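The values are calculated or read from the model by the stated rules, or taken from the named source; none is laboratory data. Predicted model, so just to flag it, every value in this text is computed and none were measured. Every residue, glycine among them, receives a Cβ derived from its backbone with ideal geometry; neighbour counts consider all protein chains shown.
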Amino acid sequence: MELLPLLCLCLLTHSGITSAQTDVITVEVGTDVMLPCSLSTKENIESKLFDWRKVAQKDDGEKEVFLYDSGIHYNNGLDGQSEEFKGRVSHFQDALKHGNASIIIRNTKISDNGGYTCYFPRLQSPQKLNIKLVVDPILKDRRGENIRAPKPSVTIRKTEDGVLLQCKVHGTPKPKVEWQDIAGTILTAEELQVSEREGRFYITLTAAVTRAHFYRCVATQKTIKHQISTWIYVKVYSSGPQTHPSGLSTGVIVGLVLLLLLLLLAAAVLAVLVYKGDITLNCNKVITVEEGSDVTLPCSLSTKEDLRLEVFIWQKTDSLQMVFLYYNGDLYSDKLGGQNEQFKGRVSHFPDELEQGNASIIITNTTRDDSGEYTCMVSSIQKKEKKKKPKKLYFKLVVGSTQKKERHPLMMEERL
């Protein structure tokens with residue numbers, strides 16, 4: 001994060017404190033912040049003492065933030081710094097000669113909220129500057145901050161009409177629980193059960209789905225700015241076949257009729273989408289590589305839209321295998337489940353290029369089983385904007401032994 005402009009520096013004078021009308025500094029949690037403090041005389045303070053402290057609050061005492069004394073400070077051997085600030089606070093060594101005692105607090109936490117003082121006790125007229133720091137919280141997983149809120153436990157149960165999703169959550173304060181699809185749309189709840197035991201809330205939420213896709217159970221505790229979720233990939237199975245007097249099962253007859261209707265509908269919809277430019281067809285795009293080599297499947301937005309807070313999915317179309325999922329910073333490799341066993345540990349993306357709209361992936365150590373058709377789908381999950389239609393790109397990958405090794409750099413990049 002860029003540090004606050006030096007224009008917000010508050011100046012200390014021999015007769016008192018002169019404030020540049022900036023006694024409150026507001027930052028977003030997790031970012032770095034500079035707390036400014038300088039002598040208006042620009043007097044060299046390399047051999048002086050200045051002390052930064054966090055003002056005592058109702059439920060907490062005064063904290064030692066940073067102490068500098070003639071070249072000795074908390075970062076080079078001086079003891080006494082409060083534990084919560086260790087390793088997170090630094091000063092501007094080269095600026096001391098100009099009377100600058102400002103400090104930087106890195107990776108701000110909610111607990112950093114409060115008043116701070118910059119104190120020069122050994123000046124002819126001791127000076128003190130007061131600053132209030134406001135750390136704006138964001139919803140995120142805060143289990144690392146000693147919050148007792150385990151991840152939601154999710155299960156699925158097959159029904160005649162589809163699948164019933166069940167999510168169990170417990171915690172304090174009372175969590176708000178929701179089922180969402182991959183686009184962030186909240187699913188209609190079938191049943192909600194809430195109980196309380198010894199001040200702890202136990203919640204069970206169920207929702208019915210009929211479409212094979214990714215879903216997640218989200219538990220939110222707004223008062224402590226904690227949010228956590230568990231993903232699950234759902235395969236929707238049909239119920240057992242019933243025999244028809246004609247000799248064909250009812251499922252087969254219904255399936256044939258639906259297949260015919262779907263083919264007609266798909267042809268019409270596809271024609272419209274291609275005409276409107278919502279879908280770019282690359283039916284003849286074939287990528288050929290030798291077995292055992294690595295391959296890049298290119299997929300990039302022509303608008304170079306930032307994808308770091310969006311979602312994109314890679315699927316092996318012909319077998320419906322899930323190859324790779326990126327959702328707002330979460331990947332198959334860390335938080336998300338559902339990746340096909342065949343691709344586990346072999347697929348990666350380009351995190352440094354997400355900002356430029358690059359959703360390409362690399363499949364390492366290719367096998368003949370990797371051959372087939374692939375789809376790259378990019379979808380927006382930002383609710384503050386009007387939702388855009390998902391954009392898709394299609395490829396055919398051929399893995400086999402070739403006499404002439406073909407180049408496949410990212411210069412073959414395909415754009416949506």
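Some observations on this one:
- For region 336-379, taking the residues that are under 21 Å from the mean Cα position of the chain (by Cα) and polar (S, T, N, Q), the one that is nearest to VAL286 (Cα to Cα) is identified as SER360.
- Complete set of residues in region 125-163 that are charged (D, E, K, R) and assigned to a loop (DSSP other than H, G, I, E, B): ASP141, ARG142, ARG148, LYS151, GLU160, ASP161
- Exactly one residue out of VAL378, VAL398 is β-branched (Val, Ile, Thr), at pLDDT 90 or above and in a strand (DSSP E or B): that is VAL398.
- Residue in region 51-64 that is on the phi > 0 side of the Ramachandran plot and assigned by TED's automatic domain parsing to the domain that holds VAL27 present: no
- Among (1) assigned to a loop (DSSP other than H, G, I, E, B); (2) at pLDDT 85 or above; (3) hydrophobic (A, V, I, L, M, F, W, C), the one test that VAL289 misses: (1)
- ASP369 being surrounded by fewer than 14 Cβ atoms within 10 Å (Cβ to Cβ), in contact with a helix residue (DSSP H, G or I) (Cβ under 8 Å, 6 or more places away or on another chain), at pLDDT 60 or above and assigned to a helix (DSSP H, G or I): yes
- The number of residues in region 317-352 being modelled with pLDDT of 85 or more, assigned to a strand (DSSP E or B) and of a type outside the set (A, V, I, L, M) comes to 4.
- Given (1) buried (at least 16 other Cβ atoms within 10 Å of the Cβ); (2) at pLDDT 90 or above; (3) part of a loop (DSSP other than H, G, I, E, B), index of the condition ASP51 fails: (3)
- Selection of region 197-224 for residues being under 28 Å from ILE110 (Cα atoms), in contact (Cβ under 8 Å) with a residue 12 or more places away in the chain and loosely packed, with under 12 Cβ neighbours inside 10 Å yields GLY199, THR223.
- Residue satisfying condition, being in contact with a strand residue (DSSP E or B) (Cβ under 8 Å, 6 or more places away or on another chain), outside any helix (DSSP H, G or I), exposed (fewer than 14 other Cβ atoms within 10 Å of the Cβ) and not assigned by TED's automatic domain parsing to the domain that holds ILE313, within set GLN193, GLN227, GLN166, GLN180: GLN193
- Note on region 59-97: residues that are under 16 Å from ASP32 (Cβ atoms), surrounded by 13 or more Cβ atoms within 10 Å (Cβ to Cβ) and not aliphatic (A, V, I, L, M) amount to 8.
- Of the residues making up region 148-160, none is within 23 Å of GLY71 (Cβ to Cβ), in contact with a Cys (Cβ under 8 Å, 6 or more places away or on another chain), of a type outside the set (A, V, I, L, M) and touching a residue at least 60 places away in the same chain (Cβ under 8 Å).
- Contacts under 8 angstrom Cβ, first residue in region 112-130 being at negative phi and among the β-branched types (Val, Ile, Thr), partner at pLDDT below 95 and part of a loop (DSSP other than H, G, I, E, B), 6 or more apart: THR117/VAL55
A quick yes/no check of all residues on (1) modelled with pLDDT of 55 or more; (2) closer than 30 Å to ASP136 by Cα; (3) not small (Gly, Ala, Ser):
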residue	(1), (2), (3)
THR220	yes, yes, yes
GLN242	no, no, yes
LEU262	yes, no, yes
LEU281	no, no, yes
